[in-house]
Amino acid sequence: MNFATLWRVIWPERGPLFVVVGGIVSLAGDFASFLANIASPQILVWPAVGLAGLLSWFCLGQVSKVPAGAEAAAQEQAIQCRECDAFRVMLFASVGVVLLLLAGQGTTATERIGTQLGMIQEDVSAIREDATAIRDVTSSGELVRNPRSAEEFFRNAWIHNMIRRDADQSWASIQELYRRHTPNKMDAAELYINAGRSYLPREQLLNQMIETGRERRDASMLVVAARNVDANDQARALYAEALALDPELPFAHWDPMRVQLVAMDPTANAEQHLAQYQGVVAGLQSFLDVASRKPVASYFYIPQHQADYETLVRGQLDTYRGTVANWQRVVDMRRR
């Protein structure tokens with residue numbers, strides 16, 4: 001097999017066609033390497049070169065079967081076999097891959113050219129992380145467009161009140177919550193009274209809360225109303241109503257946020273002081289007993305914004321147990 005025949009194997013009459021096809025294959029491989037985010041695009045060269053070498057072995061095997069002195073037509077027919085056609089495609093594809101790697105300077109040419117033209121961002125994952133972080137921040141202040149559940153109405157009321165400072169919409173949303181649902185959540189009732197202070201006189205607002213709590217059978221609403229009324233007797237009656245509605249509500253057993261419950265009558269004697277502090281201890285213990293059966297956090301839409309009531313009550317309980325012990329000693333000394 002002479003040199004002219006070997007050259008005809010590489011560059012037949014349809015040589016430009018094989019260059020075009022090989023170039024398309026190399027471009028497709030380069031683009032696929034970019035999409036697949038291959039760490040070392042150089043590995044694309046070795047499959048192309050390997051296939052070209054393997055196909056050249058088959059092609060030259062077919063051509064070598066033609067005698068050296070054979071007619072030109074027979075030699076031309078030999079170099080037009082399928083193996084030779086595939087060899088030429090992979091040969092020019094290998095050359096194309098090498099040229100593209102040189103153009104990309106170690107990366108895919110698609111990525112480098114796209115980056116220089118400003119069409120491809122180099123660090124898509126970093127952008128995705130930034131976008132996710134921004135989304136996490138902004139989503140906490142997004143309103144529910146068509147609220148249906150109690151949680152959605154509360155979310156809108158809370159966002160209007162705490163983030164957007166829109167008192168009108170906050171008051172409208174929290175009222176709509178109680179018109180449609182019975183949330184029985186302490187922070188919902190607290191938001192109701194906080195939003196309503198700008199629109200109703202105090203007494204009218206408390207009366208409306210009491211009426212709503214009774215109508216909707218919402219124990220938390222009655223507890224928050226009881227927390228804010230003036231007289232202890234009225235507060236105790238409201239706590240008793242709330243307890244009848246929901247025996248599992250710890251604040252109906254004892255409300256650590258109503259400080260008036262531990263206020264002492266200065267004219268009371270030692271026995272009366274002892275009895276009153278014993279009642280405080282019993283109430284605090286009842287709170288903890290109920291809280292051990294059902295988490296206090298379950299009575300809040302946003303418990304992470306609330307105090308640790310169980311720890312607070314345990315601290316108060318230790319204090320008032322000591323107070324009970326002191327008054328017990330005073331009573332015992334008087335009885336001697």
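Values in this text are rule-based calculations from the coordinates and carry no lab data. Everything numeric here is computed off the predicted structure, so don't read it as measured data. Neighbour counts are summed over all protein chains in view; Cβ atoms, including those assigned to glycine, are modelled from backbone coordinates with ideal geometry.
Give the calculated FRET efficiency between ASP318 and GLU203 to the nearest 0.05, with a Förster radius of 35 Å applied to their Cβ-Cβ distance.
That gives a FRET efficiency of 0.40.
Which residues among the stretch 226-256 fall inside the zone where the amide N is under 19 Å from a point 7 Å beyond the Cα of ALA282, along Cα→Cβ?
232-244, 247-256
List the residues whose amide H sits under 5 Å from the amide H of ARG258, counting only those 5 or more places along or on another chain, with H placed 1.01 Å from N in the peptide plane.
Amide H to amide H, under 5 Å and 5 or more residues apart or across chains, ARG258 pairs with nothing.
Give the peptides 211-223, 147-159 in descending order of average Cβ contacts within 10 Å, highest first.
Working: 211-223: 22.0, 147-159: 19.0.
Most protected by this proxy first, the peptides run 211-223, 147-159.
Less than 12 Å Cβ to Cβ from ASN161, Lys/Arg counted +1 and Asp/Glu -1: what total charge do the surrounding residues give?
Numbers: positive: ARG155, ARG164, ARG165, ARG197; negative: ASP166, ASP168, ASP187, GLU190.
Net charge around ASN161: 0.
Where Lys and Arg each count +1 and Asp and Glu each count -1, what net charge lies around LYS294 among other residues with Cβ under 13 Å from its Cβ? Write out the running numbers ahead of the final one.
Values: positive: ARG293; negative: ASP246, GLU248, ASP289, GLU310.
So the environment of LYS294 carries a net charge of -3.
Which values, in whole Å and largest first, are the semi-axes of the equivalent ellipsoid of the stretch 134-270 obtained as the square root of 5 times each eigenvalue of the Cα gyration tensor?
Values: eigenvalues 192, 48, 40 Å².
Semi-axes, largest first: 31, 15, 14 Å.
Report the FRET efficiency, 1/(1 + (r/R0)^6), for SER149 and ALA307, where r is their Cβ-Cβ distance and R0 is 35 Å, rounded to 0.05. Walk me through the numbers before you get to the answer.
Numbers: r = 26 Å, r/R0 = 0.75.
After rounding to 0.05, the efficiency reads 0.85.
Find out how many positive minus negative residues lie around ASP233, taking Lys and Arg as positive, Asp and Glu as negative, among other residues whose Cβ is under 14 Å from that of ASP233.
Working: positive: ARG236, ARG258; negative: ASP230, GLU241, ASP265.
So the surrounding residues net to -1.
With θ set to phi - 60° and the Karplus curve 6.51 cos²θ - 1.76 cosθ + 1.60, what are the ³J(HN,Hα) couplings of the stretch 207-220 in order, to the nearest whole Hz, using x for Gly and Pro?
Result, rounded to whole Hz: 5, 5, 5, 5, 5, 5, x, 6, 5, 8, 6, 9, 5, 5.
If you look at just the Cα atoms of the stretch 252-336, how large are its Rg and its Dmax in Å?
Answer for the stretch 252-336, Rg first and Dmax second: 15.2, 54 Å.
Express in nm, to one decimal, how much length is gained between ARG293 and ASN232 on full extension, taking 0.36 nm for each residue of separation and deducting their alpha carbon distance. Please list the in-between numbers first.
Numbers: separation 61, 0.36 × 61 = 21.96 nm, distance 2.77 nm.
Gain in length upon complete extension: 19.2 nm.
For ALA244 paired with ARG217, estimate the spin-label separation in nm (one decimal), with each label point 7 Å from Cα along the Cα-to-Cβ line.
1.3 nm
By counting other Cβ atoms within 10 Å of each Cβ, how are TYR192, TYR320 ranked from fewest to most?
On the way: TYR192 28, TYR320 20.
Starting with the residue having the fewest Cβ neighbours, the order is TYR320, TYR192.
What does the extension gain come out to for ARG180 and GLU142, with contour length at 0.36 nm per residue minus their alpha carbon separation?
Values: separation 38, 0.36 × 38 = 13.68 nm, distance 2.16 nm.
Using 0.36 nm per residue and subtracting the Cα-Cα distance, I get 11.5 nm.
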